[in-house]
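The values are calculated or read from the model by the stated rules, or taken from the named source; none is laboratory data. None of these values were measured; they are calculated from a predicted model. FYI the Cβ positions are ideal-geometry reconstructions off the backbone, even for glycines, and counts take in every protein chain you see.
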Amino acid sequence: MEFEQFLLQLRGVLNHLYDPDYLRRSPLAAWFGVSERYDTPLAIQRILMNAIEDMRPDPQGVTSPIEQQNYDVLLYRYIQQSSQREVAHQLGVSDRQLRRIQAVALEMLATRLWKHCPNAASANPESHYQKFSGQEKALDDFAWLKDAPVASPADPIEIVRNVVDLLQPLASRHHVTLGYRALEGLPHLAVQPVALRQVLLSLLGDLIRVASGCELVISLSRSGAEVIINIGNLRTDVPCLVNLESQGIRDAHQITAFMKGRLLVVPSNSTGVIQLFLPAVEQIKVLVVDDNRDIVELMRRFTEGTRFTIRGVHRAEAVLEAVVHEAPQIILLDVMIPEVDGWELLGKLRRNPQTAHIPVIICTILAQKELAMALGAEDFIQKPVHREVLLQALERVEEKLAKALQ
């Protein structure tokens with residue numbers, strides 16, 4: 001495990017410090033040598049709590065405000081599990097300042113723990129940021145991306161957020177302001193998360209070093225079947241010249257090509273310095289037949305950021321017209337529709353040549369799963385609907401559709 005990977009794993013474990021299942025599954029269990037113990041979660045907790053306690057400043061010695069701040073943020077955020085807002089209020093800093101302090105404190109803790117790793121003797125955690133723009137690792141290691149199926153689509157907002165958090169210390173060192181903003185409801189990406197993360201690290205690692213005094217903002221938006229990640233400089237009075245021949249830019253170009261994306265780099269101080277175009281996960285249209293508009297809106301919120309797109313129909317007689325115009329892959333049907341026998345409507349959908357091929361999920365308050373399946377439904381959800389249950393049902397049906405097409 002390289003230091004950068006260790007840092008990410010450590011952040012995850014600290015965020016789930018009191019989740020035994022997460023701790024037991026973490027790669028750090030083996031790294032700490034406690035994976036075979038019956039009390040693995042407790043052992044990991046003790047190791048990390050002791051490591052944080054070791055960072056407590058000596059009350060009898062000379063303590064810098066930064067040392068005290070680093071210890072406090074680790075104590076409050078991870079051991080006491082206080083929210084970011086609570087900790088920011090406790091320390092008297094802004095949320096933005098807290099994220100920076102937290103990133104520095106986490107890196108210091110990781111460096112202390114890393115020294116105990118038997119394989120870390122030749123690694124230098126102090127220089128792990130420099131690796132972003134000078135990767136000695138051959139890009140052949142990323143060739144598998146070319147034809148590999150995407151088992152776990154990438155959440156672009158989460159990945160950008162993590163990369164920004166990781167690079168805050170480097171940005172501060174070069175007097176660069178680094179942030180991000182994103183539109184709501186962005187779809188996940190049909191790319192490998194590790195590859196996207198490496199592209200962003202390569203690009204930003206290079207850019208930060210030539211952007212002293214700049215205010216870099218990563219903005220995310222959607223255009224058709226693509227998500228656009230734009231890295232721009234808000235300080236038009238400060239030049240941000242990109243070296244097109246840098247190792248980081250070359251690496252990013254090749255990895256982006258493997259991901260079937262596009263990378264545009266503008267070697268100037270214009271607003272759009274770098275643009276990354278990436279394929280979104282193919283959207284699955286779901287037609288929800290329910291007279292309750294609030295239910296349709298709830299399902300739309302439940303599926304935000306997923307590959308499922310909700311369209312609502314509130315009258316049974318409009319279903320066929322909606323099928324023709326929307327071409328849904330899945331129909332979600334409530335059988336308790338006023339003035340309509342929902343079971344009869346299900347039968348009509350199954351007999352109609354225009355709708356017979358579309359799987360139907362019955363969603364009703366009635367506990368009649370057996371009847372629904374007997375009448376031709378593909379799956380069944382009982383109201384009140386929970387997000388996890390809805391997404392699991394949609395995934396099951398979509399998986400059957402995909403297999404049928406193979």
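Taken together, 302, 258 contain a single residue that is modelled with pLDDT of 75 or more and not assigned by TED's automatic domain parsing to the domain that holds residue 205, which is 302.
Answer yes or no as to whether residue 246 is more than 23 Å from the chain's Cα centre (by Cα), surrounded by fewer than 17 Cβ atoms within 10 Å (Cβ to Cβ) and not assigned by TED's automatic domain parsing to the domain that holds residue 349. No, not satisfied.
Taken over segment 156-186, the criterion of being aliphatic (A, V, I, L, M) and under 18 Å from the mean Cα position of the chain (by Cα) is satisfied by 157, 159, 160, 163, 164, 166, 167, 182, 183, 186. In a helix (DSSP H, G or I), at pLDDT 85 or above and of a type in the set (Val, Ile, Thr), is that true of residue 249? No.
Residues considered: 371, 298, 375, 346. Of these, the only one that is touching a strand residue (DSSP E or B) at 6+ places or on another chain (Cβ under 7 Å) and among the aliphatic types (A, V, I, L, M) is 346. Restricting attention to segment 172-194, the residues that are of a type in the set (A, V, I, L, M, F, W, C), buried (at least 17 other Cβ atoms within 10 Å of the Cβ) and modelled with pLDDT under 90 add up to 5.
Total residues in segment 276-301 satisfying the condition of being touching a Gly at 6+ places or on another chain (Cβ under 7 Å) and in a strand (DSSP E or B): the figure is 5.
How many residues, within segment 178-231, are among the β-branched types (Val, Ile, Thr) and either not assigned by TED's automatic domain parsing to the domain that holds residue 266 or not in a strand (DSSP E or B) (or both)?
Adding up the residues that qualify gives 5.
For segment 302-350, give me each residue that is in contact with a Gly (Cβ under 7 Å, 6 or more places away or on another chain) and not in a strand (DSSP E or B). Within segment 302-350, 304, 305, 334, 335, 346, 350 meet the criteria. Considering 366, 349, the condition of being hydrophobic (A, V, I, L, M, F, W, C), surrounded by 18 or more Cβ atoms within 10 Å (Cβ to Cβ) and at pLDDT below 90 is satisfied by 349 alone. Can you name every residue in segment 36-63 that is part of a loop (DSSP other than H, G, I, E, B) and either modelled with pLDDT of 85 or more or not polar (S, T, N, Q) (or both)? 36, 37, 38, 39, 55, 56, 57, 58, 59, 61, 62 - these are the residues of segment 36-63 that are part of a loop (DSSP other than H, G, I, E, B) and either modelled with pLDDT of 85 or more or not polar (S, T, N, Q) (or both). Summed over segment 174-192, the residues that are in contact with a helix residue (DSSP H, G or I) (Cβ under 7 Å, 6 or more places away or on another chain) and under 19 Å from residue 225 (Cβ atoms) give a count of 4. For first residues located in segment 346-373 and touching a residue at least 24 places away in the same chain (Cβ under 8 Å) and over 20 Å from residue 395 (Cα atoms), partners that are assigned to a loop (DSSP other than H, G, I, E, B) and among the charged types (D, E, K, R) and lie 6+ apart or on another chain with Cβ distances below 8 Å form the pairs 365/383.
For every residue, the table says whether it meets (1) surrounded by fewer than 17 Cβ atoms within 10 Å (Cβ to Cβ); (2) among the hydroxyl-bearing types (Ser, Thr, Tyr); (3) under 21 Å from the mean Cα position of the chain (by Cα); (4) not in a helix (DSSP H, G or I).
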| site | (1), (2), (3), (4) |
| --- | --- |
| 72 | no, no, no, no |
| 75 | no, no, no, no |
| 78 | no, yes, yes, no |
| 89 | yes, no, no, no |
| 101 | no, no, no, no |
